[in-house]
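Trainee: Pasting a structure below so you can have a look.
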Amino acid sequence: MTITDTARHDRETLDLDNPFSTRRLRPGAGPFHFGPGQSAERLLRRLEVLGWRAEIVGPHGSGKSALVEVLVEALTRSLPANRQRLQKGRCAAPNESGQVGRIAGDGRSVNEPLPVMRFGLGRGIRQLPSDWVRKLTEVAGRNRVPRPWREVVRRWQYPLARAPWKPAALLVIDGFEQLGWLARRRTIRGVRTRRAGLLVTCHRPTGLLPCLVTMHPEWETLWQLVCRLQAGTTARIEQDDVTGSFVRHAGNFHEILCELYLLHERRRISSRMD
Amino acid sequence: MNGIGETQIVIVLDEQPNWYVPGSRLSGRYCLRPSAGDALRAVELSLLWYTVGQGEEDMNVHHFQRQAFEESSGVELALIDNADRWYPFESVLPNTPLSYDGVIVKIRWCVRIRVFPVRGREIVVEQPFRLGNVPPAAMVVT
């Protein structure tokens with residue numbers, strides 16, 4: 001019987017697998033690099049302050065989808081911030097699945113997780129599924145404004161967004177700019193009437209939602225990403241390659257990483273043939 | 001041998017040729033070495049292929065087996081705690097897809113062990129192997 005050296009195989013596989021392949025780059029495959037002073041907890045806190053409706057703005061390939069992945073993950077897992085809120089008696093404990101319950105005091109079971117409905121637009125998909133409202137209603141239920149606040153809103157025209165509430169669900173739309181002007185407004189209205197939260201990504205500010213964060217592609221972030229991806233493998237991408245690609249593609253991480261993938265392959269094959 | 005935290009997983013293939021002939025038999029065994037006090041809920045073994053590359057990924061499981069450890073069956077857990085226990089596996093490999101080391105896409109075959117501890121995150125260990133002997137791609141410079 002031959003004992004297989006798994007570690008050796010792992011090294012070989014790592015070396016054969018291009019560090020810029022899809023499986024290494026997909027959102028959630030590695031840690032997200034936050035800007036200075038930012039973290040998932042801070043952004044979620046800011047989302048709460050903004051009334052659970054906000055947009056993440058940034059050019060194509062700047063990491064918006066990756067950030068959404070991180071935030072959704074943080075929302076459905078037990079974060080230190082959530083535990084802290086639990087101690088303050090404001091938030092429910094995570095359930096068996098590790099999901100965080102809703103804020104107590106809204107008349108619901110505190111151990112229910114916050115459902116997240118997520119849609120990705122683009123690549124030919126320019127509209128939400130026709131039954132998204134029904135699905136959102138199903139997951140959000142009847143999360144109505146408490147009666148006293150309904151009176152305040154009706155009599156005094158008090159902005160609904162300022163009423164103390166927590167969303168019954170969070171609708172996440174990646175690529176909000178794909179929707180037309182009317183569809184965007186309908187979506188926001190549909191979410192508002194169902195008392196759900198809305199988090200979208202878009203290339204430019206829509207003017208319809210407050211901005212949660214603006215993404216700026218930076219060379220340092222890209223270089224850190226490249227170093228992390230190449231860790232444990234034969235590094236075939238140098239700093240100059242990254243700089244040249246960053247300039248050529250104007251900071252579009254998708255295009256840059258595609259180019260680095262091919263460059264890595266070319267050098268790997270060349271070294272094999274030498 | 002691989003270890004994450006204190007849990008160690010060893011995958012052993014009975015034979016280790018450079019490449020397996022399509023339709024041939026692949027057999028081996030795996031061993032779990034959790035640290036004392038660690039309990040496992042289940043262990044899954046998959047013999048699968050997946051693609052690696054620039055585009056959409058694909059994968060398919062050719063052989064699957066699951067070993068569940070009931071909380072009530074203290075004997076099973078105790079055995080794992082005290083001594084190495086080997087779990088055999090065996091499967092007849094399919095004819096396709098063959099392992100391929102391309103530029104845009106690569107096809108990888110592996111034996112994957114997924115361990116679900118009672119506490120903490122799941123642990124995944126892979127043992128790659130080659131099915132067929134397709135030569136690797138060469139890049140054409142135009």
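The values are calculated or read from the model by the stated rules, or taken from the named source; none is laboratory data. These figures come from a predicted structure and were not determined experimentally. Neighbour counts run over all protein chains shown; Cβ positions are idealised from the backbone, glycine included. Accessible surface areas use protein heavy atoms only, side chains included; no ligands, DNA or RNA. Shrake-Rupley method; radii C 1.70, N 1.55, O 1.52, S 1.80 Å.
Trainee: Tell me, please, whether a residue that is at pLDDT 90 or above, open to solvent by 60 Å² or more (accessible area, probe 1.4 Å) and more than 9 Å from chain B (Cβ to nearest Cβ) can be found in segment A:22-43.
Mentor: Yes, segment A:22-43 contains at least one residue that is at pLDDT 90 or above, open to solvent by 60 Å² or more (accessible area, probe 1.4 Å) and more than 9 Å from chain B (Cβ to nearest Cβ).
Trainee: Next question, about the same structure. From (1) touching a strand residue (DSSP E or B) at 6+ places or on another chain (Cβ under 9 Å); (2) of a type in the set (A, V, I, L, M, F, W, C); (3) within 11 Å of chain A (Cβ to nearest Cβ), pick out the condition that doesn't hold for B:F116.
Mentor: Unmet for B:F116, out of (1) touching a strand residue (DSSP E or B) at 6+ places or on another chain (Cβ under 9 Å); (2) of a type in the set (A, V, I, L, M, F, W, C); (3) within 11 Å of chain A (Cβ to nearest Cβ): (3).
Trainee: So, one more: Determine, yes or no, whether A:R228 is under 25 Å from A:L25 (Cβ atoms), of a type in the set (K, R) and surrounded by fewer than 19 Cβ atoms within 10 Å (Cβ to Cβ).
Mentor: yes
Trainee: Which of the following residues is farther than 24 Å from A:T214 by Cβ, modelled with pLDDT of 50 or more, open to solvent by 60 Å² or more (accessible area, probe 1.4 Å) and among the charged types (D, E, K, R): A:R11, A:R77?
Mentor: Result of the check over A:R11, A:R77: A:R77.
Trainee: Suppose the filter is open to solvent by less than 70 Å² (accessible area, probe 1.4 Å), touching an Asp or Glu at 6+ places or on another chain (Cβ under 8 Å), modelled with pLDDT of 85 or more and of a type in the set (A, V, I, L, M); does A:L212 pass it? Step through it out loud before you land on a result.
Mentor: On the way: open to solvent by less than 70 Å² (accessible area, probe 1.4 Å): yes; touching an Asp or Glu at 6+ places or on another chain (Cβ under 8 Å): yes; modelled with pLDDT of 85 or more: yes; of a type in the set (A, V, I, L, M): yes.
Criteria met by A:L212.
Trainee: Here's something else I'd like to know. If you scan segment B:86-106, which residues turn out to be modelled with pLDDT under 95, open to solvent by less than 80 Å² (accessible area, probe 1.4 Å) and among the hydrophobic types (A, V, I, L, M, F, W, C)?
Mentor: Residues satisfying the conditions are B:F89, B:V103, B:V105.
Trainee: Of the residues A:R204, A:R236, which single one is assigned to a loop (DSSP other than H, G, I, E, B), in contact with a His (Cβ under 6 Å, 6 or more places away or on another chain) and touching a residue at least 24 places away in the same chain (Cβ under 8 Å)? Outline the logic, then answer.
Mentor: Working: A:R204 fails: in contact with a His (Cβ under 6 Å, 6 or more places away or on another chain).
Answer to the selection: A:R236.
Trainee: Could we say that A:V172 is over 17 Å from the mean Cα position of the chain (by Cα) and touching a residue at least 60 places away in the same chain (Cβ under 8 Å) here? Even if it seems obvious, please write down each step before you answer.
Mentor: Numbers: over 17 Å from the mean Cα position of the chain (by Cα): no; touching a residue at least 60 places away in the same chain (Cβ under 8 Å): yes.
It is false that A:V172 is over 17 Å from the mean Cα position of the chain (by Cα) and touching a residue at least 60 places away in the same chain (Cβ under 8 Å).
Trainee: Follow-up question, since we're still on this one. Quick one: would you say A:T206 is open to solvent by less than 40 Å² (accessible area, probe 1.4 Å) and either farther than 21 Å from A:V139 by Cα or modelled with pLDDT under 90 (or both)?
Mentor: yes
Trainee: Report the residue count in segment B:22-60 for those that are open to solvent by 70 Å² or more (accessible area, probe 1.4 Å), out of contact with any Ser or Thr (no Cβ under 9 Å at 6 or more places or on another chain) and either without any contact (Cβ under 8 Å) to a residue 40 or more places away in the chain or aromatic (F, W, Y) (or both).
Mentor: The total comes to 1.
Trainee: Separate question: Collect the residues in segment B:1-40 that are at pLDDT below 90, in a strand (DSSP E or B) and within 12 Å of another protein chain (Cβ to nearest Cβ), keeping them in residue-number order.
Mentor: Matches in segment B:1-40: B:N2, B:G3, B:Q8, B:I9, B:V10, B:C31.
Trainee: Tell me which residues, restricted to segment A:175-194, are open to solvent by 30 Å² or more (accessible area, probe 1.4 Å), closer than 23 Å to A:G61 by Cα and in contact with a strand residue (DSSP E or B) (Cβ under 8 Å, 6 or more places away or on another chain).
Mentor: A:E177, A:Q178
Trainee: Residues of segment A:164-174 being modelled with pLDDT of 85 or more and open to solvent by less than 10 Å² (accessible area, probe 1.4 Å), which ones?
Mentor: Matches in segment A:164-174: A:A169, A:L170, A:L171, A:V172, A:I173.
Trainee: Would you mention how many residues in segment B:100-115 are under 16 Å from B:Y87 (Cα atoms) and of a type in the set (A, V, I, L, M, F, W, C)? Steps first, please.
Mentor: Keep residues of segment B:100-115 that are under 16 Å from B:Y87 (Cα atoms), which gives B:111-115.
Imposing the further condition that a residue be of a type in the set (A, V, I, L, M, F, W, C) reduces the set to B:111, B:113, B:115.
The qualifying residues number 3.
Trainee: Give A:E218, A:E259 a once-over and let me know the one that is more than 19 Å from A:R24 (Cα to Cα) and open to solvent by 40 Å² or more (accessible area, probe 1.4 Å).
Mentor: A:E218
Trainee: Which ones in segment A:212-233 are within 14 Å of another protein chain (Cβ to nearest Cβ) and assigned to a helix (DSSP H, G or I)?
Mentor: Passing the criteria: only A:L229.
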